[in-house]
Amino acid sequence: MTLDEISARAIGPALALLPATMDTPRARIMLLATGLQESRFLHRRQIGGPARGFWQFEQGGGVFGAMRHQASRGYLEQLCARRVVPFEARAIWTAIEHDDVLAAGLARLLYWTDGKPLPSIGDASAAWDLYYRTWRPGKPHRQTWDAFYTEAVGFVVGGGS
C-alpha cells in the first residue's frame, strides 16, 4: 500500500475518530514511519510471528498495553465501539489484521501512552527512541529507521497527507 493510500484509507479516518489533539503532523509522521518500519505496509500478519496489522501488534503486547493504560483505555474503548469490535484483546488483535483504521488508531494510542511530546519533525533519533520505547521490538533494526522516518517526513511535510 502506498503512503497516499494508507494515509487516506487508514490514518486519516483513524485520527478523525480520536480527539483532535492527537492529529498532528508529528503524529502522522510517527504512524507512517512505524508502519514502514514494521511492515513496509505490505504485511498485515508478521512473517513467522504473532503480530497483526500493518503496525504489527501482538495480542499480549501493544494491544493489551493500550487496553490497560489509563491514558488510552477510554479512547480505545470508544474506537472499538465505532469500529464494532468488542473491547477484548483477542477480538482487537484479530480485527486489526484487516481493519486498517482500527490498527492505525491503536498505533496512535500506543504513542499516546508514552506521555511525552512527540519528537520534533526531522529528529529521527528522538523518533527512534520513542518507537523503541513504545513498540519494544524484539529484533530492532535501527539501520532502517532513518530512511523510513525521512520518507514519512517528506510525505507529510510535502503535503501528502
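Kindly list, by first and then second residue, each pair from a residue in segment 29-43 that is touching a residue at least 24 places away in the same chain (Cβ under 8 Å) to a residue that is among the basic types (Lys, Arg) and surrounded by 24 or more Cβ atoms within 10 Å (Cβ to Cβ), limited to pairs with Cβ atoms under 7 Å and residues at least 6 apart or on different chains.
Filtered contacts from segment 29-43: Leu31/Arg108.
Counting just the residues of segment 75-87 that are more than 17 Å from the chain's Cα centre (by Cα) and free of Cβ contacts under 8 Å to residues at least 12 places away in the same chain, which one comes out farthest from Ala10 (Cα to Cα)?
Here the residue is Pro86.
What residue, of Arg52, Arg73, is more than 21 Å from Thr21 (Cα to Cα) and of a type in the set (D, E, K, R)? Walk me through how you get there before you give the answer.
Values: Arg73 fails: more than 21 Å from Thr21 (Cα to Cα).
Selected residue: Arg52, the only one of Arg52, Arg73 that is more than 21 Å from Thr21 (Cα to Cα) and of a type in the set (D, E, K, R).
Taking segment 102-133 on its own, how many of its residues are in contact (Cβ under 8 Å) with a residue 60 or more places away in the chain and among the β-branched types (Val, Ile, Thr)?
Residues in segment 102-133 being in contact (Cβ under 8 Å) with a residue 60 or more places away in the chain and among the β-branched types (Val, Ile, Thr): 1 in total.
Return the residues of segment 1-43 that are of a type in the set (A, V, I, L, M) and closer than 24 Å to His141 by Cα; say none if nothing qualifies.
Initially, segment 1-43 is screened for residues of a type in the set (A, V, I, L, M), giving 1, 3, 6, 8, 10-11, 14-18, 20, 22, 27, 29-33, 36, 42.
Listed by number, the residues that qualify are Met1, Leu3, Ile6, Ile11, Ala27, Ile29, Met30, Leu31, Leu32, Ala33, Leu36, Leu42.
Which residues, taken from segment 88-108, are of a type in the set (Asp, Glu) and over 14 Å from the mean Cα position of the chain (by Cα)? So that I can check it myself, show each step before the final result.
So in segment 88-108, the residues of a type in the set (Asp, Glu) come out as 88, 97, 99-100.
Within segment 88-108, just Glu88 meets the criteria.
Can you name the condition, by its number, that Ala126 falls short on among (1) more than 16 Å from Thr24 (Cα to Cα); (2) of a type outside the set (Lys, Arg); (3) modelled with pLDDT under 95?
If we test Ala126 against (1) more than 16 Å from Thr24 (Cα to Cα); (2) of a type outside the set (Lys, Arg); (3) modelled with pLDDT under 95, just (3) comes out false.
Just checking, how many residues over segment 110-122 are surrounded by 21 or more Cβ atoms within 10 Å (Cβ to Cβ) and either of a type in the set (Gly, Ala, Ser) or within 19 Å of Phe41 (Cα to Cα) (or both)? Steps first, please.
Filtering segment 110-122 down to residues surrounded by 21 or more Cβ atoms within 10 Å (Cβ to Cβ) leaves 110-112.
So of that shortlist, the ones also either of a type in the set (Gly, Ala, Ser) or within 19 Å of Phe41 (Cα to Cα) (or both) come out as 110-111.
Qualifying residue count, segment 110-122: 2.
For the list (1) over 17 Å from Arg28 (Cβ atoms); (2) surrounded by 13 or more Cβ atoms within 10 Å (Cβ to Cβ), I need the number of the one condition that Arg68 fails.
Every condition holds for Arg68 apart from (2).
Give me a count of the residues in segment 123-161 that are surrounded by 13 or more Cβ atoms within 10 Å (Cβ to Cβ), of a type outside the set (Gly, Ala, Ser) and not in a helix (DSSP H, G or I).
Qualifying residue count for the region: 3.
Report yes if some residue within segment 102-119 is more than 21 Å from Tyr132 (Cβ to Cβ) and part of a helix (DSSP H, G or I); otherwise report no. First the steps, then the outcome.
Step one: list which residues in segment 102-119 are more than 21 Å from Tyr132 (Cβ to Cβ), which gives 102, 105.
Those still in the list that are part of a helix (DSSP H, G or I) too: 102, 105.
For segment 102-119, residues more than 21 Å from Tyr132 (Cβ to Cβ) and part of a helix (DSSP H, G or I): present.
Name the residue, out of Gln37, Gln56, that is touching an Asp or Glu at 6+ places or on another chain (Cβ under 9 Å) and of a type in the set (S, T, N, Q).
Values: Gln37 fails: touching an Asp or Glu at 6+ places or on another chain (Cβ under 9 Å).
Exactly one of Gln37, Gln56 is touching an Asp or Glu at 6+ places or on another chain (Cβ under 9 Å) and of a type in the set (S, T, N, Q), namely Gln56.
Is it the case, given these coordinates, that Ala107 is modelled with pLDDT of 95 or more, surrounded by 14 or more Cβ atoms within 10 Å (Cβ to Cβ) and in contact with a strand residue (DSSP E or B) (Cβ under 9 Å, 6 or more places away or on another chain)?
Against the criterion (modelled with pLDDT of 95 or more, surrounded by 14 or more Cβ atoms within 10 Å (Cβ to Cβ) and in contact with a strand residue (DSSP E or B) (Cβ under 9 Å, 6 or more places away or on another chain)), Ala107 qualifies.
The values are calculated or read from the model by the stated rules, or taken from the named source; none is laboratory data. Predicted, not measured: the structure shown is a model, and the values here were computed from it. Note: ideal-geometry Cβ built from the backbone for every residue, glycine included; neighbour counts use all protein chains shown.
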